[in-house]
Amino acid sequence: MSIQDLEQIFQDKIDKEIKIEPKDWMPEAYRKTNIRQISQHAHSEVVGMLPEGNWISRAPSLKRKAILIAKVQDEAGHGLYLYSSAETLGSSRDEMIADLLSGKAKYSSIFNYPTLTWADMGAVGWLVDGAAILNQVMLCRTSYGPYARAMVRICKEESFHQRQGFESLLVLSRGTDEQKAMCQDAINRWWWPSLMMFGPKDSESTNSDQSMKWKIKRKTNDELRQQFIDMCAEQVKILNMTLPDEQLKWNAQTQHYDFGEIDWNEFWNVVKGNGPCNKQRLDARKKAWNDGEWVRQAAAAHAEKKLKKQKAA
């Protein structure tokens, strides 16, 4: 059977909404695109623990501390599910982590911004997790089976994180003048980076068209970004806060909110490794990887010893 025939069978399965499984034939470009996207997603979950872990010891109450610990634990689990999904495509976890630590692999640019106040934990939950959910709900129907199935549980947990974040901001928005100011300040700082999470404009997205054809993605960057803006522009009214965009305005003709231009220079600067916390985040991951070397060696030795016992028996 020719490559053309195999590609046609492959595309027919996708068009019929039949999931592609690890042992199925797939174009090498499809495999590589999924490895890049899934590993990038996994890296984002793990690196995303850092700005939140920064506030665990300083949470304002035992309740908030427990909630934040649980959330950070969830993110670690998400990284595990995603690394496992990517491994089914033939990429080892060591390879993926090496690419992250060398700077070859990327993670979401949003995690290169600092969390300066407690209100940032609410803004991250509402805005960052909210943006992530719009991307991820779509991925529950992505064409690669292991990725789609992993996303079902991840989306349930991320939805909970978003509600937690909004509730935290709601409490602050009804507090003292200082707490209200803290709430507004966090929204101001996280709004534009959250819009950047959806990636570059469709006209500048190099992988979007092919990913749409293969149903790795179901909506374009700009479609998802507009959906997010429409949602947040209404939700922010409940907080009695404002979004930091003077051009944000309901357009009755399009039935969407118009909004201002994103600072794409800032976006690309952060993606290229020049954001406020890029070096700090990678240094933290490198230290964790190096400090954990003895744990990996011990686990490997235990597994080998266990296997020898099983063979001897």
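The values are calculated or read from the model by the stated rules, or taken from the named source; none is laboratory data. The structure presented is a predicted model; accordingly, all values stated were derived computationally and were not measured. With ideal geometry, Cβ positions are generated from the backbone for all residues, glycine too; neighbour counts draw on all protein chains shown. The area values use the complete protein model at the heavy-atom level, side chains included, leaving out ligands, DNA and RNA. Shrake-Rupley method; radii C 1.70, N 1.55, O 1.52, S 1.80 Å.
General observations
- Greater than 26 Å apart at Cα, pairs in 156/219; 63/286; 217/272; 219/249; 19/156: 63/286
- Here the Karplus relation 6.51 cos²θ - 1.76 cosθ + 1.60, evaluated at θ = phi - 60°, turns the backbone of the range 87-98 into coupling constants of 5, 5, 9, x, 9, 7, 5, 4, 5, 5, 5, 4 Hz, with x for every Gly and Pro.
- Computing log10 I(q)/I(0) by the Debye sum over Cα atoms at q = 0.09, 0.12, 0.15 Å⁻¹ directly from the structure and comparing it against [x] -0.51, -0.88, -1.29; [y] -0.45, -0.81, -1.27; [z] -0.38, -0.70, -1.17 singles out [x].
- Using the Cβ of residue 251 as centre and a radius below 12 Å, the other residues enclosed give a net charge of -1, where K and R count +1 and D and E count -1.
- One Cα centroid belongs to the range 68-91, the other to the range 189-220; the line between them spans 22 Å.
- Total charge dipole magnitude, the range 41-139, about the Cα centre, Cβ charges on Lys, Arg, Asp, Glu only, Debye to nearest 20: 400
- 3J(HN,Hα) along the range 150-158: 5, 5, 4, 5, 4, 5, 4, 6, 5 Hz, from the Karplus curve 6.51 cos²θ - 1.76 cosθ + 1.60 with θ = phi - 60°, whole Hz, x for Gly and Pro.
- When peptides 94-100, 2-8 are ranked by their average number of other Cβ atoms within 10 Å per residue, the highest-first order is 94-100, 2-8.
- Placing +1 on the Cβ of every Lys and Arg and -1 on the Cβ of every Asp and Glu, with no other charges, gives the range 1-99 a dipole of roughly 740 debye about its Cα centre.
- Rounded to whole numbers, the Karplus 3J(HN,Hα) couplings from phi for the range 120-130 are 4, 5, x, 5, 5, x, 6, 8, 5, 5, x Hz, using 6.51 cos²θ - 1.76 cosθ + 1.60 with θ = phi - 60°, and x at Gly and Pro.
- The order of 65, 287 by accessible area, most exposed first and with a 1.4 Å probe, is 287, 65.
- Its DSSP H runs of at least 4 residues, each contributing -39,500 (n - 2.57), put the calculated 222 nm mean residue ellipticity of the chain at -21000 deg cm²/dmol, to the nearest 500.
- For residue 272, net neighbour charge (Lys/Arg +1, Asp/Glu -1) across residues whose Cβ lies under 12 Å away: 0
- Inter-label distance, nm, simple model (7 Å from Cα along the C-beta direction), residue 312/residue 176: 6.6
- Ranking 181, 92, 282 by how far each Cα lies toward the positive end of the dipole of the chain (charges on Cβ) leaves 92 at the top.
- A Cβ-based charge dipole, computed about the Cα centre of the chain with Lys and Arg at +1 and Asp and Glu at -1, lands at about 1420 debye.
- Distant-in-sequence amide contacts of residue 217, defined by a placed amide H-H separation under 5 Å and a gap of 5 or more residues or a different chain, comprise 212.
- Summing +1 for each Lys or Arg and -1 for each Asp or Glu among the other residues whose beta-carbon sits under 13 angstrom from that of residue 9 gives -3.
- Compared with the dominant principal axis of the Cα atoms in the chain, helix 3-15 is inclined by about 40°.
- For residue 256, distant residues with modelled amide H under 5 Å away: 251
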